[in-house]
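> Have a look at this one before I ask anything.
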Amino acid sequence: MDPESTEQKQERALRLHNEGKLDAAEALYREVLREHPGHQAALHLLGVIAHQRGRFREAVTLIQMAIAGGARTAPIHTNCGVAFRALGELEPAARHISWAIALDPEYAPAHFNYAMVLLDQGLPQPAVAHLEIALQLRSDFPKAHFHLGQIRLEADEPALAAGHLRMALQLEPAHAEAHFLLARAQLALGEVEAALHSADAALQLKPDYRDAAYLAAKAGFELCRERAALVRLDRALGLAPAPEDGSVLRAARARPGLMEAWCAANNCRYTRLARPQWLNLPQLKALPADELQHFILPKPFALEISLARLREVRVLPQDLLLLSSDGRLFLEGYVRFPEQYVLREDGAIRHCADDGRLLLALPDRRLAQDRPCIWLGAGSSHFEWVFESLARLWAIEQQPELRELPLIVQAELNPLQRELLELLGYGAGRRIEVPRGAVLECRELNAASMVSVGQFISPMAIQHLRRELAARVAPAADGPRRIYLTRAGAATRRLANEAELLPLLEQHGFVAVDAQAMSAAAQLALFQRAEFILGVDSAAMANLFMAPAHAKVGIIMARGLYQLRHYYVSAPLGHDFTYLMAQPDYATHARLAECDVTLARADLQAFLGAC
């Protein structure tokens, strides 16, 4: 029998490779290389096996040796680019695959893999062009259909996405992620039954597919198959990483509740403490003056404020939402922008059906609170916590019998918030903290409604906070009258040209103060004495309610934001208020609100001219 030639060994190795017998194929490729060092095909295909086995650097080395030996084909350059991409080295990956396209413009895998590199570079639209070329060259290309469907879905084009994903599934029916993405597209198109079917298909292929279980729960809930939806959501929650606190989340359901109607139906006390009223506020000013036209200034008003005395109610963790024993969740009038809680889907509310029904995820741990207590809600930022939660103490003050009751608060209060509560008489012994992994079950709870609507804040609530804290914190005896609140040490929202402007501020008697390093009491004392206050929008500006009634206030804000929240704190107190609009540096942060800004010297001079 004639000995096997090198080319016969190479052909046999390729057959074994295509059959998935990588060990045998690799051994034969290496035997070929021992006989013929530099054999281009053997080097190339050994590189492919190295890539298949996750040895990406070795793959690049082997394929580049084949190229150095004179191999110049589209598949070789494509595979080299694919190996570079696996290493995260996108520039050489793109270079090799573009060479492949130049060598053979009709080689579909090259266009597909070039699209993958473009997606890694955050360039979906150019990727679409190459994926479409790949499909023109080879219509039975499931991965190209899948990725086009994914891109179209992320671009909010669910109909186009669904078409591509259906084609991908015709060619590759066992693709769990394609079933899931198709379910997302169908749900966006209102095809709820089909979405449920697709999500279930994904789960059959991949039982631990958490996102598919979650989507199936949402679709089932929309179809009013609530028991099955709860089972599916429990499945999704069980697949999620275990929380650090060891809590277990369970699916539940609720409906939105209107507090006044619920109290009337359940014989609970509901007291109106303040009627809605229109507000007359000082004129807002802006620099440059033409920036004023960009602020939307609806006629300000204060909403009705009420106090409800509830029995057998649950307080949910983090956002401290209120859930009655009969499954009513109170959002309207008790949280700011209720629709945000519904759309967020990362807290207690996981889905809101078209008819308002709510799908919830709640910790199974329960803490009983038998003593009557006070609920003021929660706030995500320090500013919101002060004016959406703490300011509700005005409502409690109107009911003397409630003043000694403990206060329900979030467990994750920051040091400033804890200090403010202590200043107001709510030390650790008068606070009931709701841990992240538990639901507080209250026998009797007194819930104050919002004292703000949108960005409008009740002047009575502002004055109450001002009065109560002024009685406990004296003005800084030696504090400066003119303060500039620097953020030089902060990570975001800095005044980029602060060094240039500080001499001008100092000429006008301003003292630069870093409020971030100060206690709550020190900040309050500082603001009580200040007659001129200037600074970039920051948490420290929540202290404006302590400034004297004649104070002149300037808030430096990125052009394009036009937020009025500080104005609606200052204006009811009679402050002379100006927004100084500054140029944002978009390179410093992805969010406009966090960008560093540059303030025009002329605008600062105009503001200081009136000081």
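The values are calculated or read from the model by the stated rules, or taken from the named source; none is laboratory data. These numbers come from a predicted model, not from an experiment. In this analysis, Cβ positions are derived from the backbone assuming ideal geometry, glycine residues included, and neighbour counts consider all displayed protein chains. For the accessible areas, the whole protein counts, side chains as well, though only heavy atoms, and no ligand, DNA or RNA atoms are used. Shrake-Rupley method; radii C 1.70, N 1.55, O 1.52, S 1.80 Å.
> With a 1.4 Å probe and every protein chain left in place, work out the accessible area per residue of the chain in Å², rounded to a whole number.
Counting only protein heavy atoms, the per-residue value for the chain is 45 Å².
> Another question, then. Sort 388-396, 319-327 for me by packing, meaning the mean count of neighbouring Cβ atoms within 10 Å per residue, highest on top.
Values: 388-396: 24.0, 319-327: 18.9.
In descending order of packing, they fall as 388-396, 319-327.
> With a point put 7 Å past each Cα toward its Cβ, work out how far residue 474 is from residue 518 in nm, to one decimal.
Computed distance between label sites residue 474 and residue 518 equals 1.7 nm.
> Report, for the chain, the % of DSSP beta bridges that are antiparallel, rounded to 5.
Counting DSSP beta bridges with both partners in the chain, the antiparallel share is about 45 percent.
> Round to a whole number: what % of the accessible area of the chain belongs to carbon and sulfur, probe 1.4 Å?
51 percent
> How much length, in nm to one decimal, is gained on full extension between residue 35 and residue 311, taken as 0.36 nm per residue of separation minus their Cα-Cα distance? Don't jump to the answer; show the numbers that get you there.
Working: separation 276, 0.36 × 276 = 99.36 nm, distance 8.69 nm.
Here the segment from residue 35 to residue 311 would lengthen by 90.7 nm.
> Also, quick follow-up: Hey, how many Å between the Cα centroid of region 1-30 and the Cα centroid of region 195-227?
The distance from the Cα centre of region 1-30 to that of region 195-227 comes to 46 Å.
> What number does region 447-533 give for Rg over Rh if you use C-alpha atoms and the Kirkwood radius?
1.05
> Only helical DSSP H runs with n ≥ 4 go in: add -39500 (n - 2.57) per run for the chain, normalise by residue count and round the 222 nm mean residue ellipticity to 500 deg cm²/dmol.
After summing the helix terms and dividing by the residues of the chain, the value is -13000 deg cm²/dmol.
> Same structure again: Among 110-120, 371-381, how do they line up by average Cβ neighbours within 10 Å per residue, starting with the highest?
Packing order, densest peptide first, comes out as 110-120, 371-381.
> Please compute the modelled spin-label separation between residue 490 and residue 539, points set 7 Å along Cα→Cβ, answer in nm with one decimal.
Roughly 1.0 nm, to one decimal.
> Hey, any idea what the orientation-averaged projected area of the convex hull of the chain's Cα atoms comes to, in nm²?
Mean projected area for the chain: 36.0 nm², to one decimal.
> How high is the relative contact order of the chain, in percent, with contacts defined as C-alpha pairs under 8 Å that are six or more residues apart?
9 percent
> For region 482-534 and region 239-260, write down the distance between their C-alpha centroids in whole Å.
42 Å
> I want to check the label-to-label distance for residue 239 and residue 304. Put each point 7 Å from Cα in the C-beta direction and report it in nm to one decimal.
According to this spin-label approximation, the distance is 4.6 nm.
> Can you give the % of DSSP beta bridges in region 332-442 that are antiparallel, to the nearest 5?
25 percent
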